[in-house]
Amino acid sequence: MRRLLFAANWKMHLGPDEARVYLKTFRARYNRRDDREVWFFPPGVSVEAAAQAARDRNDLVVGVQDVYWEPKGAFTGVISAPLAAQAGARAALVGHSERRHIFGETDDDTRRKVSAALHATLVPVLCVGETLAERDAGHTLAVVMRQLSAALGSLDGPAMSRVVVAYEPVWAIGTGRNATPQDASAVHREIRAWLTGRGADAPRVLYGGSVNVKNAAALLAERELDGVLVGGASLDPEGWAQLVQTGAA
Ligand code: 13P
């Protein structure tokens, strides 16, 4: 049986008080189901509040949206993986397209961040995906494979097995356009083959980009999708509680 993973990326929304209120509403609307997990990526300042609000529900996981690769030191303005773990994070997004395209994060940065997350026992959720120009030029798979090998190429099988990959085509993020379930599925198949070929045991591959309560069922009907990574449609706890009950595992 697939265990679906529904991940909410709150981006730069919801402070600590709002996170507590959100989780209270969400928990009242969503009872644990054994066939799925729900992960939340609040902004750094809200990680501890969210983790506290979810602490007695081990099907609810809180993570951090980014980590710096050094464990500690004079690095003003960033959060290390051990510090995020101390605040209650159990996972970390790495290489989100907004980090790559707005903040100039490189493939090599993603490699260091994956390694730092693993050292701190956070599950790295590596985000990969092509821009519209890359897609139009027919480079989707080349870009995705380059991002995978740069970030994960040096990991051994056990480490590879702990990584989650999210395929998020850049042109589908926050635009209302999403990949067709078949297009997403075809890329997921290649990502999964790459991971299993390097020793990953039962890797999980999520899809992200304009997922909402209307299109989630059709996407999750594709067996290649192990779950979704959702931005805008995760910000309202009632709508998110509805979305996470989509799809059969
Ligand atoms: P949207 O769901 O708002 O398109 O964002 C997707 C995303 O970037 C999740 O990480």
> Taking +1 at the Cβ of each Lys and Arg and -1 at the Cβ of each Asp and Glu, which of TRP171, GLY208, GLY138 sits farthest along the dipole of the chain towards its positive end, judged by Cα position relative to the Cα centre?
Replying inline: GLY208
> Hey, how much of the P(r) for the range 141-239 falls beyond 21 Å, as a percent of Cα pairs?
Replying inline: 34
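How high is the relative contact order of the chain, in percent, counting Cα pairs under 8 Å that sit 6 or more residues apart?
Once normalised by length, the contact order is 20 percent.
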>> At 222 nm, what value in deg cm²/dmol follows for the chain if DSSP H runs of at least 4 each add -39500 (n - 2.57) and the sum is divided by all its residues, to the nearest 500?
In response: -11000 deg cm²/dmol
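Which value, in Å³ per residue, describes the convex hull spanned by the Cα atoms of the range 84-179?
Each residue corresponds to 108 Å³ of Cα convex hull volume.
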> Could you give the dipole magnitude of the range 1-121 about its Cα centre, charging the beta-carbon of Lys and Arg +1 and that of Asp and Glu -1, in debye to the nearest 20?
Replying inline: 460
> Roughly what percent of Cα-Cα pairs across the chain reach past 34 Å?
Replying inline: 9
>> Compute the distance from the alpha-carbon center of the range 1-66 to that of the range 74-141, in whole Å.
In response: 19
>> Heavy atoms only, 1.4 Å probe, whole protein assembly: order ARG204, ARG3, ARG100, ARG198 by accessible area, highest first.
In response: ARG198, ARG3, ARG204, ARG100
> In straight Cα distance, which aspartates and glutamates are under 17 Å from LYS72, not counting same-chain residues fewer than 8 positions off?
Replying inline: ASP109
> For the range 97-231, what's the relative contact order in percent, using C-alpha pairs closer than 8 Å and at least 6 residues apart?
Replying inline: 24
> Which of the listed residues, GLY63, ALA116, THR106, is farthest toward the dipole's positive end in the chain, when Lys, Arg count +1 and Asp, Glu count -1 at the beta-carbon?
Replying inline: GLY63
>> Cβ neighbours within 10 Å, averaged per peptide: list 27-37, 127-137, 151-161 in order, most packed at the top.
In response: 127-137, 151-161, 27-37
>> If the reach is capped at under 12 angstrom between alpha carbons, list the aspartates and glutamates near LYS113, excluding any in the same chain fewer than eight residues apart.
In response: ASP66, GLU70, GLU105
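The values are calculated or read from the model by the stated rules, or taken from the named source; none is laboratory data. Predicted, not measured: the structure shown is a model, and the values here were computed from it. With ideal geometry, Cβ positions are generated from the backbone for all residues, glycine too; neighbour counts draw on all protein chains shown. These area figures cover heavy atoms from the full protein model, side chains too; ligands, DNA and RNA do not enter into them. Shrake-Rupley method; radii C 1.70, N 1.55, O 1.52, S 1.80 Å.
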